[in-house]
Structures are given as C-alpha cells and as structure tokens.
Amino acid sequence: MTATGDLTGRVALVTGGAGGIGTAICEALAWAGATVLVGYAGGEGRAVELAARLPGGGAHRALLTRVDDSATLAEAAGSVREREGRLDLLVNNAGVTTPVPHADLEGLTDEWIDTIFQVNVRGAFACVRAFAPLLRVSGEGLVVNISSVAGQTGLGSNVAYCASKAALDSMTRSLGRALAPDIRVLSISPGWVDGEYAQRMPPELIAAQAARTPLGRIARPQEVAQAVLAAATHLTFSTGCIIPVDGGRPLG
C-alpha cells in the first residue's frame with residue numbers, strides 16, 4: 001500500500017459490503033482509487049447497485065462471499081484470481097448479532113451463539129484462509145477486521161457478540177504474527193456506529209450511549225471507513241494491533 005492515500009491499481013474486497021458500514025468503506029476505498037469488490041451473502045441487488053454507483057468507472061463488481069461457506073469463498077477467490085488477477089486488501093466486515101440482555105441466559109440460544117461465532121469469527125478466518133494466496137502475491141497484502149469495543153468492555157448486544165469480537169481481536173494478533181511479513185492484519189474497533197443496527201434501536205438508547213461517550217456522540221460509518229483507509233495508506237508499519245474508533249467509550 002502507499003502512504004499517499006492513493007489506492008489506484010489496488011483491488012479491495014469488503015465482505016458485508018452493502019450494509020451501512022460496508023457501504024461507507026466501499027465508497028472510501030473507491031474514492032481512493034481502488035477497484036472494489038462488494039461482498040454479499042444475501043441482498044445481491046443492493047451489492048450490484050452499490051458497485052454500479054461507486055466512483056471510478058465500471059471496474060467495481062458485486063461478489064458472492066458467504067463467509068459461513070468455505071466452498072463459496074474458494075469459488076470467490078477463484079473468480080478474483082481469474083478476473084482481477086490480484087487482491088491487495090480484504091476487509092472482514094460481515095457480522096451478525098441480536099439484542100439479548102446479558103443476564104437472560106435462556107434468551108441467548110445455542111442457535112444464536114453458533115451463528116454469531118460462525119459468521120463473526122470462523123467466517124473472518126475462512127475469508128483470510130481463502131484469499132491469503134492472492135494477498136501474498138500482492139506483496140503489500142492487508143486484512144482489516146471490523147471488530148467492536150464490545151470485545152474489550154464486555155458491553156454489547158449480547159454476551160456471545162462481545163465474546164466473538166474479543167476472539168476476532170485475538171485472531172488479529174495471531175495472524176498479524178503468523179502472516180508477516182507478507183500480509184499485515186489489523187482490527188478496527190468502533191463503539192456504537194450510526195448504521196443499520198443502531199437505527200433500529202430506540203432513540204433514547206442511542207442518546208444514552210452517546211452521553212456515556214466522552215466525545216458526546218456515536219461514530220459515523222464514514223469514520224470507520226476512514227480508519228480502514230488509514231490502515232491501508234498511512235499505517236503501513238502496523239500489524240497485529242487494534243485501532244479504536246470509539247470516541248473514548250471505554251473511558252466512560
């Protein structure tokens with residue numbers, strides 16, 4: 001990657017690319033000159049529409065990346081190898097959760113626990129495994145995992161979600177060591193973000209979260225996207241680390 005902020009000639013894949021945070025990341029990378037692959041599992045139409053309106057011409061495209069299905073990921077990697085011939089940046093943004101009070105042990109079902117870890121942890125690892133050969137060839141390969149301050153604080157939508165983000169951060173450290181020097185691995189760790197999930201929550205809950213944040217508000221999706229862009233273009237001697245984008249939330 002380049003320290004100028006210019007990603008011209010680079011290829012980036014963003015899983016969960018058509019969601020609120022994913023869209024902001026895709027847009028930031030496209031504006032920086034990258035060819036963007038908008039990863040999706042469901043919602044193909046949204047991914048296709050986003051790829052079509054990203055800046056930079058017609059090089060962007062939607063790409064089926066079901067992170068819970070390693071065979072599909074292998075097919076996706078083959079498609080990238082054949083069509084783009086390279087991959088420089090993988091953003092593991094796909095994730096799932098559901099609100100369950102932490103004290104409601106029966107409410108957090110086995111099915112939800114399995115789904116959360118399957119997507120948020122195993123899915124991120126499976127993506128790295130599938131695309132690592134392409135990232136190594138790049139010579140400047142980078143993986144950015146979209147984590148959460150919940151992995152540090154233990155405060156989040158449910159106990160399994162918090163644990164999954166802690167596991168993702170641990171994986172970032174492990175892979176940062178294991179894949180060096182060919183591939184860098186970082187986590188971006190936001191607090192509450194004004195995206196699709198937060199917009200489904202009661203306004204008074206979001207106001208309370210903002211009040212508990214030293215900077216007085218929750219993050220904008222674009223601020224998460226700018227952190228991803230910084231990891232790719234300026235933080236070129238960083239790996240295995242967790243970058244907070246949380247407004248100082250743990251301090252509150």
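The values are calculated or read from the model by the stated rules, or taken from the named source; none is laboratory data. Note that the structure is a prediction, hence the values are computed from the model and not measured. Every residue, glycine among them, receives a Cβ derived from its backbone with ideal geometry; neighbour counts consider all protein chains shown. Calculation scope for accessible area: heavy atoms of the full protein, side chains included, ligands and nucleic acids excluded. Shrake-Rupley method; radii C 1.70, N 1.55, O 1.52, S 1.80 Å.
A few comments on the model shown:
- Restricting the search to strands (runs of 3 or more DSSP E) fully inside the range 2-79 and requiring at least 2 residues that are under 14 Å from V91 (Cβ atoms) and free of Cβ contacts under 8 Å to residues at least 60 places away in the same chain gives 35-40.
- Residues satisfying the stated conditions in the range 80-113, i.e. touching a helix residue (DSSP H, G or I) at 6+ places or on another chain (Cβ under 9 Å), of a type outside the set (A, V, I, L, M, F, W, C) and closer than 18 Å to A167 by Cβ: N92, N93, G95, T97, T98, H102
- When the range 44-69 is filtered for residues that are β-branched (V, I, T) and touching a strand residue (DSSP E or B) at 6+ places or on another chain (Cβ under 6 Å), the ones remaining, listed by number, are V48, T65.
- Total residues in the range 222-252, condition surrounded by fewer than 16 Cβ atoms within 10 Å (Cβ to Cβ) and hydroxyl-bearing (S, T, Y): 2
- Residue in the range 206-216 that is basic (K, R) and at pLDDT below 95 present: yes
- Some residue of the range 104-125 being open to solvent by less than 50 Å² (accessible area, probe 1.4 Å), within 20 Å of the chain's Cα centre (by Cα) and among the small types (G, A, S): yes
- Any hit, the range 152-169, residues being in a helix (DSSP H, G or I) and charged (D, E, K, R): yes
- Selection within the range 165-221 - without any contact (Cβ under 8 Å) to a residue 24 or more places away in the chain, open to solvent by 80 Å² or more (accessible area, probe 1.4 Å) and under 24 Å from L135 (Cβ atoms): P181
- Filter pass, R173 being charged (D, E, K, R) and not in a helix (DSSP H, G or I): no
- Residue check, L63 modelled with pLDDT of 95 or more and closer than 16 Å to L229 by Cβ: no
- Residue pairs whose Cβ atoms lie under 9 Å apart, sitting 6 or more positions apart in sequence or on different chains, and linking a residue in the range 224-246 that is farther than 22 Å from S174 by Cα to a partner that is of a type in the set (D, E, K, R) and open to solvent by less than 60 Å² (accessible area, probe 1.4 Å), are A225/E27.
- Those residues of the range 147-160 which are touching a helix residue (DSSP H, G or I) at 6+ places or on another chain (Cβ under 7 Å) and open to solvent by less than 40 Å² (accessible area, probe 1.4 Å), in sequence order: S147, S148, V149, A150, G151, G154, G156, A160
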